[in-house]
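The values are calculated or read from the model by the stated rules, or taken from the named source; none is laboratory data. Because the structure is a prediction, the values reported are computed rather than measured. Here the Cβ positions follow ideal geometry from the backbone for every residue, glycine too, while neighbour counts run over all protein chains shown. With ligands, DNA and RNA removed, areas are computed over all heavy atoms of the protein, side chains included. Shrake-Rupley method; radii C 1.70, N 1.55, O 1.52, S 1.80 Å.
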Amino acid sequence: MASCLAVGQGGGEGMPARLSEDLLCQIRHRLPHAGGLPLQPGPAEVLASLAEGGVIRVRRGRLRPRYKHGCGDKCGRKPGYCPQKISVRRETKDTNSSAGKRPIGVPEELMSLLRLHKQEQDRERVLARDLWVEKGYVFTSPTGEPLNPNPDFHRWKDLLRAAKVRDGRLHDARHTAATVLLILGVPDTVVDAIMGWEPGKSARMRRRYQHLTGPVLQQTAAKIGGLLWGTPVPSRPSIGGVFLGPPQSPAPADLKVYVARLGERRIPFLRREHAEALVEQWGGDRREHPAEVEEWDREKWEHNGPAGARTIRDRMPDRRVVFHAYALFAPGGERLNTGISEQWSVDAWEFESDVYTDLAVRWHTTRRPGQEVEAQVRGTDKDAIAAAFAEACAQAVDGARNPSKYGDSDEW
């Protein structure tokens, strides 16, 4: 597979023709580990290539950019905002150690998202034409240039707020990843390979990053109880009473899977009535897209079904009206005309991750490569959306006028 990959799908009617920032961020934070743990790959973004079989091979680390004036310091701006700025720092560097150059397994669900991202990036390459610069990056600007790592700080904070967990550094996710690998009972040699720790230092790094948790201590106590009193011991570790590890034995191979085919998307169900109900409702909402029910052999679906969509559902997916709001501001804080409606709503299904949310409201601001700042809001509470949109726009204006205040400055 090519080293430039892609994320996100087009939005609903009236949505900007751009990548889903939420989805893009989640993929960047989940890429370099097994099991979907939020783990940062290195100093910032990695230059990686994807091999067949769902394996990422990390090669180099992305460096934060630095610039100098190309105008003789006449523009009155900081070097990073000079119209004639000149880069004075290389884009990448070697990993911190030889162990950092490593293959990392990627869950099939993430591989599917990356393939979608590649399709989106291929479209951007066509639109950019001669402006596109091919450098082999997974995540790029609309012209193929590497991204400034600063926006990851804001994306990470957005994810923490959306998940309703405590605030923390992006680097803290490495501690989470190492600890979950401990809970899962992953062998130390595999942990060292995933985390990129060198032999001779790995034991010290495991002591630093892996933290003993309640489930780990409970499992140890259960093993001691089994040894002394003959109490049956669960064969797999658990979190909150849910056992992890190898799945239960598969359902009989002669069972059928009923797949709702919605255009290019396929949603599998255990029951035909669920697939038929989804097709009927989808067809009513989007008459221009064909929808039908397909019947698959269970074993054939599990081996040959579309990547990332093989999990079979036993219930109808959630569907709700999601309200959106969007605004774009120039570096000085002036509001720009994007040519689209400022606020709109869509009927979104939970599998449409680029437009769906079950939260009442969530918002964030983003600095684009051209230094414009955008404010985005989505949620299920229309009144809350209006209030949050005003707050998001205020922060976007402030960020456009004072980039250093939000960590977007080129001063280090």
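Condition first: assigned to a loop (DSSP other than H, G, I, E, B) and open to solvent by 30 Å² or more (accessible area, probe 1.4 Å). Can you find one or more residues in the stretch 149-162 that meet it?
Filtering the stretch 149-162 down to residues assigned to a loop (DSSP other than H, G, I, E, B) leaves 149.
Imposing the further condition that a residue be open to solvent by 30 Å² or more (accessible area, probe 1.4 Å) reduces the set to none.
No, the stretch 149-162 contains no residue that is assigned to a loop (DSSP other than H, G, I, E, B) and open to solvent by 30 Å² or more (accessible area, probe 1.4 Å).
Just a yes or no: is a residue in the stretch 103-112 at pLDDT 85 or above and either open to solvent by 70 Å² or more (accessible area, probe 1.4 Å) or of a type in the set (A, V, I, L, M) (or both)?
No - not one qualifying residue is present in the stretch 103-112.
Among the listed residues Ala348, Ala384, Ala327, identify the single one that is open to solvent by less than 50 Å² (accessible area, probe 1.4 Å) and within 30 Å of Lys78 (Cβ to Cβ).
Just one listed residue meets the conditions, Ala327.
Can we say Val373 is β-branched (Val, Ile, Thr), modelled with pLDDT of 85 or more and over 30 Å from Arg286 (Cα atoms)?
Taking the combined requirement at face value, the residue satisfies it.
In the stretch 280-309, what residues are acidic (Asp, Glu) and either assigned to a helix (DSSP H, G or I) or out of contact with any strand residue (DSSP E or B) (no Cβ under 6 Å at 6 or more places or on another chain) (or both)?
Glu280, Asp285, Glu288, Asp297, Glu299, Glu302, listed by residue number.
Which one of the conditions (1) surrounded by 15 or more Cβ atoms within 10 Å (Cβ to Cβ); (2) part of a strand (DSSP E or B); (3) over 29 Å from the mean Cα position of the chain (by Cα) does Glu276 fail to meet, given that it meets all the rest?
Every condition holds for Glu276 apart from (2).
In this structure, does Ser353 turn out to be open to solvent by 40 Å² or more (accessible area, probe 1.4 Å), in contact with a Gly (Cβ under 8 Å, 6 or more places away or on another chain) and in contact (Cβ under 8 Å) with a residue 40 or more places away in the chain?
Judged against the criteria, Ser353 is not a match.
Might you check whether a residue that is of a type in the set (Val, Ile, Thr), more than 23 Å from Arg155 (Cα to Cα) and in contact (Cβ under 8 Å) with a residue 60 or more places away in the chain occurs anywhere in the stretch 331-348? Please lay out each step first, then the result.
Step one: list which residues in the stretch 331-348 are of a type in the set (Val, Ile, Thr), which gives 338, 340, 346.
With more than 23 Å from Arg155 (Cα to Cα) added as a condition, the list becomes 340, 346.
Retained after the next criterion (residues that are in contact (Cβ under 8 Å) with a residue 60 or more places away in the chain): 340, 346.
Taking every residue of the stretch 331-348 in turn, at least one turns out to be of a type in the set (Val, Ile, Thr), more than 23 Å from Arg155 (Cα to Cα) and in contact (Cβ under 8 Å) with a residue 60 or more places away in the chain.
If you go through the stretch 60-81, how many residues are closer than 18 Å to Leu147 by Cα and part of a loop (DSSP other than H, G, I, E, B)?
Final tally of qualifying residues: 4.
Among the helices (runs of 4 or more DSSP H) confined wholly to the stretch 181-232, which include 2 or more residues that are open to solvent by less than 70 Å² (accessible area, probe 1.4 Å) and under 24 Å from Val55 (Cβ atoms)?
Output list reads 188-195, 202-209.
Pairs under 7 Å by beta carbon, first residue within 19 Å of Val180 (Cα to Cα) in the stretch 216-230, partner at pLDDT 75 or above, six or more apart or different chains?
Val216/Leu182; Val216/Ile183
Answer yes or no as to whether Arg166 is open to solvent by 50 Å² or more (accessible area, probe 1.4 Å), under 23 Å from Val216 (Cβ atoms) and part of a loop (DSSP other than H, G, I, E, B).
It is true that Arg166 is open to solvent by 50 Å² or more (accessible area, probe 1.4 Å), under 23 Å from Val216 (Cβ atoms) and part of a loop (DSSP other than H, G, I, E, B).
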